[in-house]
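Working notes, structure below.
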Amino acid sequence: ADRPTSELFPQEVERLLNEDAKTMKDDPKQSASACMIIMDDNHRLDEWLAYHYYVLNLRRLIVAVDPLSRTSPAAILQRWEPLINSTIWGDKDFSFAGTNGDWYAWNINNTAGMTGNYIKRQGLFYRDCALRLRAEGRRWTFFHDADEYVTLYPKLVGASSEEKMRQPGGVLGHILSLKAKEKVPVHYKNICAIIPRILFGAMPSTDAQVQHNVPDELKPFAKQFETLRYRHHARIGDKANTPAKAFMDVSQAPNRHAYSAHALIGADVCGSIWTFEADLVIHHYLGSWEYYSARPADPRRRVSPRDGQHRGRSHWEGRAFKSDVENVDRLRPWISGFWERMGPKLAMHLLEPVGFMEPILSQE
């Protein structure tokens, strides 16, 4: 069935837009943007949008759909209009189309060639996306995937991190507070900063653990939410967590040949991709085998771009049972905060499709 749009709830949407206008005052520093490449990840996108809309004040998104993707995010993004201003790009919308790097020129069995093309395409998209957002007057922009969630790291942020996760825009607000200090922490002094990743495996949690502090209406399908379901991760310092990602103030984005998928404009500006701890971290969800195997055309799911090792069921199993650190619930406050801010009707409308696997993916 077609996914209805948020326009079905005009009063709730108008209220939220008015709240944005009052609290953000059209100030680009008060909201976030994102540049994302997506490939058959619609079952993750609803949760990703809801979470980052709430904790990061995500209001602008440019999505490049992978040419080998069998699904389109268009209907999901339409449901979020006008709360999140989204644009979908194809290869013709950014510089990859002019590099003689035709994706389809690679033989499907030439994994190394396809992986190289994937990385080149990603770097060019990130650059052109950053430059477009710069032209639009945007500021804080994030470059991470649909299985990655930006959050606060309590070890460095302190006891206030849980309360900040309950607040609309609490994660972005923390970074703005650091940037506003007379002495800005070294990690965040430049226009770009690394965000370390933490790998969450697929270790199960009990129903009671998953449903803890979840609104009653959402409890029947709380296990569909990766931010609630997966609570065990690799130890800090484990190489499974690396390499890190980064965010940038695109008002100063440089126009250079291409960006890096991880360090964007370089380690000298953004920091080392082998960083393990910072105020901002990314929870990287491996997901179930069903989720992990939903992108068979992704060359990185067949051979690692870093070490050339085959990636398949055995690779997933080697990471799925990472449980060095257990019972981590630092993201959990977002769901009740989102429910309260959006109102039950609109919140349910936006969250009910979370985890829905489209037949073309779930039947394979």
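The values are calculated or read from the model by the stated rules, or taken from the named source; none is laboratory data. Note that the structure is a prediction, hence the values are computed from the model and not measured. Positions of Cβ are backbone-derived with ideal geometry, glycine not excepted, and every protein chain shown enters the neighbour counts. The accessibility values were calculated without ligands, DNA or RNA, using every heavy atom of the protein model including side chains. Shrake-Rupley method; radii C 1.70, N 1.55, O 1.52, S 1.80 Å.
Side notes on the structure shown:
- Estimated [θ] at 222 nm from DSSP helical runs (n ≥ 4, -39500 (n - 2.57)) normalised by residues in the chain, nearest 500: -10000 deg cm²/dmol
- Heavy atoms of the protein chains alone define the surface here; on that basis the chain has 42 Å² accessible area per residue at 1.4 Å probe size.
- Its residue count N fixes a reference of 2.2 N^0.38 Å for the chain, and the Cα radius of gyration divided by that reference is 0.94.
- Asn85 long-range amide H proximity, modeled H, under 5 Å: Arg60, Leu61
- Each peptide among 288-294, 178-184 gets the average number of other Cβ atoms lying within 10 Å of its residues, and from highest to lowest they stand as 288-294, 178-184.
- Rounded to the nearest 20 debye, dipole of the chain from Cβ charges on Lys, Arg, Asp, Glu: 1020
- Residue among Ile191, Ala50, Ile360 farthest towards the positive dipole end of the chain, charges placed on Cβ: Ile191
- GNM on the chain, alpha-carbon springs under 10 angstrom: the most fluctuating residue among Pro28, Pro67, Pro333 is Pro67.
- Rounded to the nearest 20 debye, dipole of the stretch 192-262 from Cβ charges on Lys, Arg, Asp, Glu: 320
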